[in-house]
């Protein structure tokens, strides 16, 4: 029987990120994917044009329906949108004893702000402590830190994987911070791309889902992080540019 994972995130109409990327990633790892949609976005490779939040009661009903019947072995949390949605997820998962990977989606790779300002504190103070791992990119880590990033990574009570794709340079450095341990740095050569837009769409969603899938199958945290990074690096190397904007990962193709 395959392991079961749950993604709680937003829908991406372009198919490259969000719930769509999560479910494709689960499939690539041999994990049965379930989902709870927090928001529906109108977006493509060039940007986000509209966000419609699902009513909180509808989000809660989706989560409860899955958890009450299916043997969920890991949870990935992505875009939530509002403080009310964040707190609802906290209530739903407070007594769930499985690994939780939190991708604190606040800024899309296309630059769009995806998390309301009043929700940032709810993520930082209420949701983050429930996580087994938090996977912010550099802009998201800065928002969560609300001050010095160095100080925050030192005192954060849960493991952090701060991804470095936004830093530029020929080498991408992702840093895993484990409480009480020295940071572990993962380095990979940056993949060159052609065209005026050198970004990639859906890498953060894909990475957090890959780690959640590997945790669902029994990997320890560091092994899951290593495997998730290798998986995303391979997808980035084979990414395509189907539209006018960011390059998109070809999950399972």
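Observations
- Residue within the stretch 207-227 that is over 23 Å from residue 80 (Cβ atoms) and in contact with a strand residue (DSSP E or B) (Cβ under 6 Å, 6 or more places away or on another chain) present: no
- Residue 235 vs. criteria more than 26 Å from residue 41 (Cα to Cα), surrounded by 13 or more Cβ atoms within 10 Å (Cβ to Cβ) and touching a residue at least 24 places away in the same chain (Cβ under 8 Å): no
- Verdict on residue 166 being modelled with pLDDT under 90 and either outside any helix (DSSP H, G or I) or buried (at least 22 other Cβ atoms within 10 Å of the Cβ) (or both): no
- Only a single criterion out of (1) over 16 Å from the mean Cα position of the chain (by Cα); (2) under 17 Å from residue 100 (Cβ atoms); (3) touching a residue at least 12 places away in the same chain (Cβ under 8 Å) is not satisfied by residue 241, namely (2).
- Of all residues in the stretch 18-32 being in contact with a strand residue (DSSP E or B) (Cβ under 6 Å, 6 or more places away or on another chain) and more than 21 Å from residue 87 (Cα to Cα), the one that is surrounded by the most Cβ atoms within 10 Å (Cβ to Cβ): 22
- Members of the stretch 144-163 found to be in a helix (DSSP H, G or I) and out of contact with any strand residue (DSSP E or B) (no Cβ under 9 Å at 6 or more places or on another chain), listed by number: 145, 150, 151, 155
- The set of residues in the stretch 31-73 that are outside any strand (DSSP E or B) and under 17 Å from residue 202 (Cβ atoms) comprises 45, 46.
- Subset tally (residues that are modelled with pLDDT under 95 and either crowded, with 17+ Cβ neighbours inside 10 Å or assigned to a helix (DSSP H, G or I) (or both)) for the stretch 84-119: 13
- Within the stretch 20-35, residues that are on the phi > 0 side of the Ramachandran plot have Cβ atoms under 9 Å from residues that are at pLDDT 95 or above and surrounded by 24 or more Cβ atoms within 10 Å (Cβ to Cβ) in these pairs: 30/213, counting only partners at least 6 apart in sequence or on another chain.
- Unique match (being in contact with a strand residue (DSSP E or B) (Cβ under 6 Å, 6 or more places away or on another chain) and part of a helix (DSSP H, G or I)) among 141, 188: 141
- Of all residues in the stretch 53-83, those satisfying the criterion of being at pLDDT 95 or above and under 26 Å from residue 246 (Cα atoms) are 76, 77, 78.
The values are calculated or read from the model by the stated rules, or taken from the named source; none is laboratory data. What you see is a predicted model, and the numbers here were worked out from it, not measured in a lab. Positions of Cβ are generated from backbone atoms using ideal geometry, with glycine treated the same way; all protein chains shown enter the neighbour counts.
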